[in-house]
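For reference, the structure is listed below as structure tokens.
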Amino acid sequence: MSILITGATGYIGSHTTLAFLKAGYDLIALDNLTNSHPESLKRVSRMAGRSCPLHILDLRDHEALQSLFQNHSIDGVIHFAGLKSVGESMDEPLRYYDNNVSGSLNLIRVMNEYQVKRILFSSSCTVYGDPEEVPVTEDSPTGQVTSPYGRTKYMIEQILQDLQTADPEWSLILLRYFNPIGAHPDGEIGEDPAGRSGNLMPWLTQVAIGKQKCVDIYGGDYPTPDGTAIRDYIHVMDLADGHLKAWEHHRESTATGIYNLGTGHGYSVLELIHTFESVTGKNIPWRITDRRPGDVPAVWADPGKAEKILHWEAKRNLEEMCRDSWNWQVRNPNGFKQA
Ligand code: NAD
């Protein structure tokens, strides 16, 4: 029996695929490669010493998904595939609803058809919107989202929970990630977005390596100590480990597990830039620009539930996140494309 990993060639998908392969799981990878490169999976297989077949297909392709489930013995799905930019979703909401919501619905329908009722879904702290209180716990109010992207995450969570209510055989794990950065310490895999990234860390490393001139900081007048937005940055290796812990904990259970995966510490954009500068010795030019629609001033996690129930906690600090992101960029100045 295998686990199907959607979005496996992407940033978090590739690090998690490596963690699961190393732990001995048999995997099947799926991706349409809109925001990733198949080389990531080749490297993952090399690093794990085990391979994992890649099926290049779109989640919205019903027949292709049916044939995948028909031809393989799949007992669960880890569902990363989706578009992930808050800013982009403000400009292209339909594309986000179509890709993320329709794609997930299609996947869930086919899973149901083939009696595969175990899913781990990549949710996000965006489901908490602009929280009244931080840190946020899993019981903090959700749904008052500030972007179409966040709404797609909230809607998919709701769809899955409605399904589980109607059919208690479904087993759900909803992981609400905070802000993953960093890379595998070997520098073999890392974040390699297609086109210009909406995420801060790839932008920072691109400025540091001379591919871009300056980092735009969206908003310098937030009600935070230095005026820039505060986020809970988490090392992608810790995040990958969180998936493994959650999957293993819920392996035999149909109880729904909802967990925040964050460090519990909030850092401002300027604090992240200064830490990156001190770790790498690089000077990062930056400028304050307008706030970006959809962004919230400050959010960070209370990760206590995952610590208590999954025995998971984020181990790597902000310096290690910056060091590993930079190492990935230096070793792969053109991302996976040079390979
Ligand atoms: P990513 O873009 O690197 O990976 C997503 C992968 O999904 C890509 O490889 C892309 O090609 C694939 N994909 C997208 N739409 C698809 C479709 N319709 N069919 C098949 N493949 C498709 O992003 P990531 O950072 O690895 O994020 C993975 C998941 O985690 C996403 O669902 C994202 O929303 C969620 N998430 C990410 C962050 C973050 O800051 N990176 C934070 C919270 C949640």
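The values are calculated or read from the model by the stated rules, or taken from the named source; none is laboratory data. All values derive from a computational prediction rather than experimental measurement. Note: ideal-geometry Cβ built from the backbone for every residue, glycine included; neighbour counts use all protein chains shown. For accessibility, only protein heavy atoms count, side chains too; no ligands or nucleic acids. Shrake-Rupley method; radii C 1.70, N 1.55, O 1.52, S 1.80 Å.
The calculated FRET efficiency for E132 paired with S278, based on their beta-carbon distance and R0 = 35 Å, is about 0.55.
Ignoring ligands, DNA and RNA, what percent of the 1.4 Å accessible area of the chain is carbon and sulfur? Walk me through the numbers on the way to the answer.
Working: 6690 of 14110 Å².
C and S atoms contribute 47 percent here.
Write down Rg/Rh for segment 74-230, rounded to two decimals, with Rg from the C-alpha atoms and Rh from the Kirkwood relation over Cα pairs.
Values: Rg = 17.7 Å, Rh = 17.7 Å.
We get a ratio of 1.00 for segment 74-230.
Which of rounded, prolate, oblate describes segment 1-81, given a ≥ b ≥ c as roots of the alpha-carbon gyration tensor eigenvalues and a/c under 1.5 marking rounded, otherwise prolate only if a/b is larger than b/c?
Values: a/c = 1.95, a/b = 1.25, b/c = 1.56.
Oblate shape, in that a/c is at least 1.5 and b/c is the bigger or equal ratio.
Here the contact order of segment 275-339, divided by its residue count and restricted to Cα pairs under 8 Å and six or more residues apart, works out to 43 percent.
Per-residue extension of 0.36 nm, minus the Cα-Cα distance of Y114 and K22, leaves a gain of 30.4 nm for this segment.
Per-residue 3J(HN,Hα) values for segment 303-312, derived from phi via the Karplus relation 6.51 cos²θ - 1.76 cosθ + 1.60 with θ = phi - 60°, read x, x, 5, 5, 5, 6, 8, 8, 6, 10 Hz in sequence order (x marks Gly and Pro). Across all directions, the average flat footprint of the convex hull enclosing the Cα atoms of segment 44-152 is 9.0 nm².
Listed by chain and number, the lysines whose C-alpha is less than 23 Å from the C-alpha of K305, apart from same-chain residues fewer than 8 away, are K153, K245, K315. Per residue, the chain exposes 42 Å² of accessible surface when a 1.4 Å probe is rolled over the protein heavy atoms with every protein chain present.
Defining a contact as two alpha carbons under 8 Å apart and six or more residues distant in sequence, what relative contact order in percent does segment 47-114 show? Show your work: numbers first, answer last.
Values: 35 pairs, mean separation 33.5, N = 68.
Relative contact order of segment 47-114: 49 percent.
Enter the Cα centre distance for the pair segment 55-107 and segment 262-339, rounded to the nearest angstrom. Cα centroid to Cα centroid, the span is 27 Å. Centroid-to-centroid, using Cα positions, segment 1-41 and segment 194-225 are 27 Å apart.
Add -39500 (n - 2.57) for each DSSP H run of 4 or more in the chain, then divide by its residues: what number comes out at 222 nm, to the nearest 500 deg cm²/dmol?
Details: 11 runs with 121 residues, N = 339.
The helix contribution divided over the chain gives -11000 deg cm²/dmol.
Over all distinct Cα-Cα pairs of the chain, the Kirkwood formula returns a hydrodynamic radius of 20.1 Å. Multiplying the residue separation of K211 and I309 by 0.36 nm and removing their Cα-Cα distance gives an extension gain of 31.0 nm. Students often forget the sequence filter, so: which aspartates and glutamates lie under 14 Å Cα-Cα from K42 once same-chain residues fewer than 8 apart are removed? Excluding near neighbours in sequence, the set is D31, E188. Which of H235, H15, H265 moves most in a GNM of the chain, Cα contacts under 10 Å? Of H235, H15, H265, the most mobile in the Gaussian network model is H265. What separates the Cα centres of segment 122-139 and segment 238-255 is a distance of 20 Å.
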